[in-house]
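The values are calculated or read from the model by the stated rules, or taken from the named source; none is laboratory data. Just so you know, these numbers come straight off a predicted model, no measurement behind them. Glycine gets a Cβ as well: all are built from the backbone with ideal geometry, and neighbour counts include every protein chain shown. Remember, those area values only see protein heavy atoms, side chains included, never the ligands or the DNA or RNA. Shrake-Rupley method; radii C 1.70, N 1.55, O 1.52, S 1.80 Å.
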Amino acid sequence: MTEGDLAAVRAGDRRALARLLTQVENQTPAAEAALAALFPHTGRAHLIGVTGAPGTGKSSLVAELAKVLRRQGESVAIVAVDPTSPFTGGAILGDRIRMRDLAGDPGVFIRSMASRGALGGLARTTADAVQVLDAAGFNRVIVETVGAGQSEVEIARTAQTVLVVEAPGLGDEVQGIKAGILEIADVLVVNKADLPGAETALRALRASLEIGHSAARRDTAAGWTPPIVATVAVHGQGLEELAGALDRHRDHLRASGADNARERARLAGDLESRLRGALYQRLLAQLEPGQFAQTVDKLQLRELDPAGAVRQLLEAAGPLS
Amino acid sequence: MTERRIRVLIAKPGLDGHDRGAKVIARALRDAGMDVIYTGLRQTPEMIAEAALQEDVDVIGLSILSGAHMALAPRLLELLRANGQGEVPVLIGGIIPGEDVPALKAAGIAEAFGPGTSTEAVVAAVRQAAARKWAKE
């Protein structure tokens, strides 16, 4: 990446941007340098996460939301994550199928990403890709997670406003009070609201909110109850209302100072996971070649227990050099 | 650094609604460990070129059953060149009469596959096409 390439990315040049995103996805040294150079220019976009179970209509909803935002004059980048096969390492990235109406709009940029084995609903490099799109000047960056169940909550760290999408017929009220993705919702959507069971789903969500919105996002618990919006994405219904709810949430974050708290938590979490990765790499580098595999052999023979193995390897590695 | 994966766009231009072949190919490429961007039916060359640009793909595979390949394929190649992506190899499968293949290759299409081609042959061709592109980077 030359200075010129970085300037092109910041100016929103689509070719330069797309190429950098590939580097970011492959975690190359060039990407690391580019991310460092772009970091001071991040923090401006409204980062919106969209998550929910497979088949709730996330991709269609994202496409329709993008259209509404475009009509308001906002530029929109979309990162759509689909799962990597744990068996073959390949992935089918099919979110663009539902986003075909956005083709040809120069104010929209869509990038598909494979999760590559990460389990939190995003790829390991999704947050970095979002930083690049933020630095490229998009007003809104929408991240669509893999079809998520109850524990794919990584998006809560990456996005400022998290939209959890439900659809009629997915579960009863108890699903709503279990731990999981409902807890991270800043805005709740019941999509496919023209289907039978929509009223039941809306009622169940309202009931679970009345029991008490979770303390998981303590920063916004004060003064923010997630609104519930009914949409029929394929007919474009309810999308203006949804866009309004997202704006109100962003305003609330700013007015309450919660945006700073979230930003800080996100940076701290990111630093922690980077440190963990770097320390692990350094530790491995300080072990004898093959020592890791030999330790696994001992575990398998039950000559050593897992916690004992950790102690042994830490000792063998010695102090950090 | 993580291992670079082949990013391949599978697109279905033209107006016919049969995408079973495209899906079989997409699945085979996935099973070969690639990231396969599948854009669905009825894509114009403009939409395909734009998706290829945003997704920074290494290879494009077109499935064309409508007989319009002699119009659609050269148009896509032209758009790719205009976007600075002239180096991205384009492969075609579907119902492509043998007598059209020389003209398609002369226009810049990397490979053309007729009915009955094995998925293994397609996977191998995509791998080779990506390797050639990477070697030139």
Review point. From the backbone phi of the stretch A:72-85, what are the Karplus-calculated ³J(HN,Hα) couplings (6.51 cos²θ - 1.76 cosθ + 1.60, θ = phi - 60°) in whole Hz, Gly and Pro given as x?
Key: 7, x, 7, 8, 10, 10, 10, 10, 10, 9, 10, x, 7, 5
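Could you give the length gained on full extension between A:PHE39 and A:ARG248, defined as 0.36 nm per residue of separation minus the Cα-Cα distance, in nm? If you can, show how the numbers build up before the last one.
Numbers: separation 209, 0.36 × 209 = 75.24 nm, distance 2.68 nm.
Stretched fully, the A:PHE39-A:ARG248 segment lengthens by 72.6 nm.
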Review point. Between A:LEU283 and B:THR117, what is the spin-label point distance in nm, taking each point 7 Å from the Cα along the Cα→C-beta axis?
Key: 4.9 nm
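Go ahead and estimate [θ] at 222 nm for chain A from helices alone: -39,500 (n - 2.57) per DSSP H run with n ≥ 4, summed, over the residue count, rounded to 500. Could you put the intermediate results ahead of the total?
Details: 13 runs with 150 residues, N = 321.
Calculated mean residue ellipticity at 222 nm is -14500 deg cm²/dmol.
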Check your understanding: Which lysines have a Cα lying under 30 Å from the Cα of A:LYS192, excluding residues fewer than 8 positions away in the same chain?
Key -> A:LYS58, A:LYS67, A:LYS178, B:LYS12, B:LYS23
Study note, to complete from the structure: Expressed in nanometres to one decimal, the distance between label points 7 Å along Cα→Cβ at A:ARG274 and A:LEU119 is 2.5 nm
Review point. So for the stretch A:42-256: antiparallel DSSP bridges make up what percent, rounded to the nearest 5?
Key: 5 percent
Exercise for review: Quickly work out the B:GLN128-to-B:ARG42 label distance, labels modelled 7 Å from Cα along the C-beta direction, and quote it in nm with one decimal.
Suggested key: 3.6 nm
Exercise for review: For the stretch A:108-124, take each phi angle, set θ = phi - 60°, evaluate the Karplus expression 6.51 cos²θ - 1.76 cosθ + 1.60, and give the result in whole Hz per residue in order, putting x for glycine and proline.
Suggested key: 10, 10, 10, 10, 9, 9, 8, 5, 6, x, 6, 9, x, x, 10, 7, 4
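Report in % the part of the accessible area of the protein assembly as shown that belongs to carbon and sulfur, leaving out ligands and nucleic acids; probe 1.4 Å. Each step should come with its number before you reach the end.
Numbers: 11490 of 21090 Å².
After summing per-atom areas, the C and S share lands at 54 percent.
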Review point. For chain A, how big is the tail of P(r) above 27 Å, as a whole percent of Cα pairs?
Key: 49 percent
Point to revise | 16 Å reach of a label modelled at B:ILE95, 7 Å along Cα-to-Cβ, counting backbone N of the stretch B:11-35 | key: B:13-22
Study note, to complete from the structure: The lysines whose Cα lies under 21 Å from the Cα of B:LYS136, excluding any fewer than 8 residues away in the same chain, are B:LYS105
